[in-house]
Amino acid sequence: MKRMFYPQLAWDSIRKNKQLYVPYILTCIGMVMMYNIITGLALANTPEAYVGGGYIGALLGMGGWVIALFSCIFLFYTNSFLMRRRKKEFGLYNILGMSKWSIVKILFWETLIISVISLTVGLILGILLSKLAELGLMNIIHEEINYRFTIFGKSIVMTLKIFGTIFGLLFFNSVIRLASSNAITLVRSENRGEKPPKGNWLLGMLGILLLAYGYYLSVTIKNPTEAFNTGFTAVLMVIVGTYLIMICCSVLFCRILKRRQGYYYKANHFVSVSSMAYRMKRNGAGLASICILATMTLVIMSTTTCLYAGLEDSLNQRCPRDISIEFGMQDPEGMQEENIRDLQSGILDTIQMYGLSPKRICSYRYAVLYGVLEEDVAVTNPNGLMGMMTDSLGTEMYCYCFVPLSDYNELMGTEETLEAGEVLISTNRTAYPYDTLSFEDGREVSVKKKVDFIFSGESMMSIFSSMAVIVPDLDAALQGDQAIVSVMDDSFFDRGWFYAFDLPADAKTTQQVYQELDRVFGSDDLKSRYGYDVVSCEEREDLRQSFYQITGGLFYLGILLSIVFLFATILIIYYKQISEGYEDEARFEIMQKIGMTKKEIRKSINSQILTVFFLPLILAVVHLAFAFPMFHKMLMLFNLFNIRLFIVTTGISVLIFAVFYALVYRITSDVYYKIVSEAKQ
C-alpha cells in the first residue's frame, strides 16, 4: 500500500484539479499527435515514393522540427501556470510534515502519468489519423492516392524521444522551482500583497520605437531579396517591441483609465480596471505571447493560402507557353540570325514529326549581365559589384537582359523605333522610376518607354529581379566604342536564345514532344553544330506538378502549423482567464458581501475582458497590415504578383481567426464568471 501512496496522491491531485489539467493533457496529446503525423508523412514522402516526393519530405521534416521546438517552449509556458496554481497545495504538504523530497516524488508521478497518457493517446490518434492526413496531402498536391496503411516505427521512436525529453525537462524545471521556495512562500504565493504597479515610461517608449522601426523596415523594403536580408531584423524588432509595450504601456493604460472619473467610477468598470492595473505588470507577457502567436497564425494562413490559390498565376509567369527551350551560347557566332534560323528549323522539324505546328511562338536572342542597381546606376563591373553587395543593403540585385529591338518587335507585335542612346525598359518584380539608365563607367542611355515583355523561365526562376533592356543592336550595345556597357568578366555574362510555343495537342502528346526535343537537342552533335553549350527544356504540365509539390506542401504545412498555433493561443487565453479568475475570487467575494449582484459581476467581467481580451487581436492585425508589403515581396520570389489575391486571402484569414477568437472569448468568460460568482457570500 505504501508503494502506491505517491502514485495515488499524484492521481488524486490531477483528478481534483481537472479544470487545470484536462486542457493541459489534451494539448500534450494534440502536440504528440501532430508531431507523429507530420514526421510520418515526411518519412512516407521520400524521393523514391513518387516524383517530387523529396520536396514534400523536406518541407514536412522542417515542419516537424518547428512543432518540436514550439511544443517545448509552449509546454514550459503552460506548465508555469500549473505550478503557480499548485504552490499553495505544495506549501500545505510541507507544513503538515511532508518533506520536499516527498513532494518531488509526487511531481515525478504526476509528470509520469501525464506523459504516459499524452504519449499513448497521442500516438494512437496519430497512427489512426495518419492515413487521413496523407489522403488530404495527396489531394492537395494532386498525387495518385495510395490506400495502403503503413505504420512508421521510426516516427514513433522519434516522437517518444522528443516528447520524453520535453516531459523530463518539465519535471526538472518544476523541481528547481520547488527547491527555490520555502513553505511559507508557497502557502502565501496567491495572497502575497502587491505594491501598486508603476508603468516604466522609458521601457514603454523603447518598445514603441522598436515597433516603429520594425514597421518602417517592412514598409520600405523595395525588392524580394531585400525582404530576406532585412525581414528577420524587422520581425525581431516587432516581437521585442510588442513585449515591452504590453508589459509597460498596459499598466500606463490602466492608470489613464483610472484618471477618467466618468469611466472609472462605475460599477462595471471600477473593479475591472483596479484588478487589471495590478495584474498587467505580470500578465503583460501573456498578452504579448497571445499577440505574437496570433500574428504568426495569420501570416502562415494568408501566405500559404495565397501561394496555393495563385498557383496558376505563378505557373503562367514561370512558363508562359506549353513548351520552352533556352539555349546558352558562349560562342558569339551562335547568336547570328542565320544560325538561329537553322536551329529553329530543327525544332520545327521535330514538332512536325507529330503532325503539329507551334502556335503563339515566343522567340528572342538575349545577352545577360548580372549586377546591382543603386538608384539609376547599374553596376556590372565584378570588382564594384562585389564591393556594393558587401557594403550596402540598399542595393538591388538585378539580371540585366539585353534584347535586340528587331526580336522585341517580332515577339510583341509592335513597331517600336529607337535612336542611338535610347532603350526600352521592362522589369519583372520591381518598378524602374527613372528616365535614364547609367552604368558604372559613366555611360548613360535614355529610357524612351517602359514596356511589357515575356521573360524566360530562367529569369523568372532566379531570386534576382530582371530588367529587359531593349537596344537597337545587340552586338553594338556590348562591343566597340558605341557599347552602352562593357563586358569585363565572362563569369558575370551569359548569352543565348529563348524559344517557346503552344501546341494544339493533348497533354500526353505535348509531353512526348517535350521529351523528344529534350533528347534531340541535348546531344553533343547538335551542340557542336549550332554552337550552344547549355540547353534547358521545360514543359508546362511537368512544371505544374512540381508547383503542386512545392506550393501544396507549403499550404498543407501551413494548415498544420496554423492549427497548432491556434490551439496554443486558445490554451494560453484559457489559462490566463482561469488564473485571473482564481485571483479575483476573493475580491468578488468581498464585493458580493457589500451588495454587488451577479448581474453587476457579469457586467464587470465583460468590461474587464473586452478591455484586454481583444487588444492582442487588434495589435496582431496591425502587425499583419505593416508586414503585408514585406511578405508580398517575398511572394514575388514564387512569381506571384497578384496583390489582390493576397489581400483577399489575408482578409479571409483574419475573419476566420477572429471568429475562433470570439468563440474562445465566450467560453473563457463563462469559465471566469463561474469561478468568481461561486465565491462564498
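The values are calculated or read from the model by the stated rules, or taken from the named source; none is laboratory data. The structure displayed is predicted, hence computed values, not measured ones. Cβ coordinates were reconstructed from backbone atoms using ideal geometry, including for glycine residues, and neighbour counts include every protein chain displayed.
Applying the criterion of being surrounded by 22 or more Cβ atoms within 10 Å (Cβ to Cβ) and either free of Cβ contacts under 8 Å to residues at least 12 places away in the same chain or among the small types (Gly, Ala, Ser) (or both) to the residues of the range 290-309, the residue that is nearest to HIS623 (Cα to Cα) is ALA294. Only one of these is touching a residue at least 24 places away in the same chain (Cβ under 8 Å) and farther than 30 Å from PHE628 by Cβ: ASP313, ASP342. Name it. Answer to the selection: ASP342.
Total residues in the range 196-228 satisfying the condition of being under 16 Å from PHE628 (Cα atoms), assigned to a helix (DSSP H, G or I) and modelled with pLDDT under 85: the figure is 5. Within the range 145-177, the set of residues being charged (D, E, K, R) and within 23 Å of GLY558 (Cβ to Cβ) is empty.
A residue that is surrounded by 21 or more Cβ atoms within 10 Å (Cβ to Cβ) and hydroxyl-bearing (Ser, Thr, Tyr) can be found somewhere in the range 357-369. Cβ separations smaller than 7 Å between residues 6+ apart or across chains give the following pairs from the range 5-32 residues that are more than 12 Å from LEU82 (Cβ to Cβ) and touching a residue at least 12 places away in the same chain (Cβ under 8 Å) to residues that are crowded, with 18+ Cβ neighbours inside 10 Å and among the charged types (D, E, K, R): ALA10/GLU110. When the criteria are applied in full, MET630 fails the requirement of being surrounded by 15 or more Cβ atoms within 10 Å (Cβ to Cβ), under 15 Å from the mean Cα position of the chain (by Cα), within 17 Å of LEU315 (Cα to Cα) and aliphatic (A, V, I, L, M).
Looking at the range 337-383, which of its residues are part of a helix (DSSP H, G or I) and of a type in the set (A, V, I, L, M)? Step through it out loud before you land on a result.
We begin by selecting, within the range 337-383, every residue part of a helix (DSSP H, G or I); these are 337-352, 382-383.
Correct list: ILE340, LEU343, ILE347, LEU348, ILE351.
For the range 522-557, a residue qualifies if it is among the hydrophobic types (A, V, I, L, M, F, W, C) and touching a Lys or Arg at 6+ places or on another chain (Cβ under 8 Å), and the qualifying residues are VAL535, LEU543, PHE547. Among the criteria (1) at pLDDT 80 or above; (2) in the same structural domain as LEU655 (by TED's automatic domain parsing); (3) small (Gly, Ala, Ser), the one SER275 does not fulfil is (1).
Among the residues of the range 342-350, not a single one is buried (at least 20 other Cβ atoms within 10 Å of the Cβ) and at pLDDT below 85. Screening ILE563 with (1) at pLDDT 85 or above; (2) surrounded by fewer than 17 Cβ atoms within 10 Å (Cβ to Cβ); (3) within 14 Å of the chain's Cα centre (by Cα) gives one miss only, at (1).
Those residues that are among the polar types (S, T, N, Q) and not assigned by TED's automatic domain parsing to the domain that holds CYS306, I need them from the range 515-549; list them, please.
Correct list: GLN515, SER523, SER528, SER536.
Among the residues of the range 538-549, those that are crowded, with 21+ Cβ neighbours inside 10 Å and not aromatic (Phe, Trp, Tyr) comprise GLU538, GLU539, ARG540, GLN549. Residues that are in contact (Cβ under 8 Å) with a residue 24 or more places away in the chain and out of contact with any strand residue (DSSP E or B) (no Cβ under 6 Å at 6 or more places or on another chain) were ranked within the range 420-447; the one that is farthest from TYR499 (Cα to Cα) is ASP441.
Filter the range 66-115 for residues that are of a type in the set (Phe, Trp, Tyr) and either assigned to a loop (DSSP other than H, G, I, E, B) or modelled with pLDDT of 85 or more (or both); which is farthest from MET4 (Cα to Cα)? This residue is PHE108.
Counting only strands (runs of 3 or more DSSP E) wholly contained in the range 394-465, the ones carrying 2 or more residues that are among the aromatic types (Phe, Trp, Tyr) and surrounded by 14 or more Cβ atoms within 10 Å (Cβ to Cβ) occupy 396-404.
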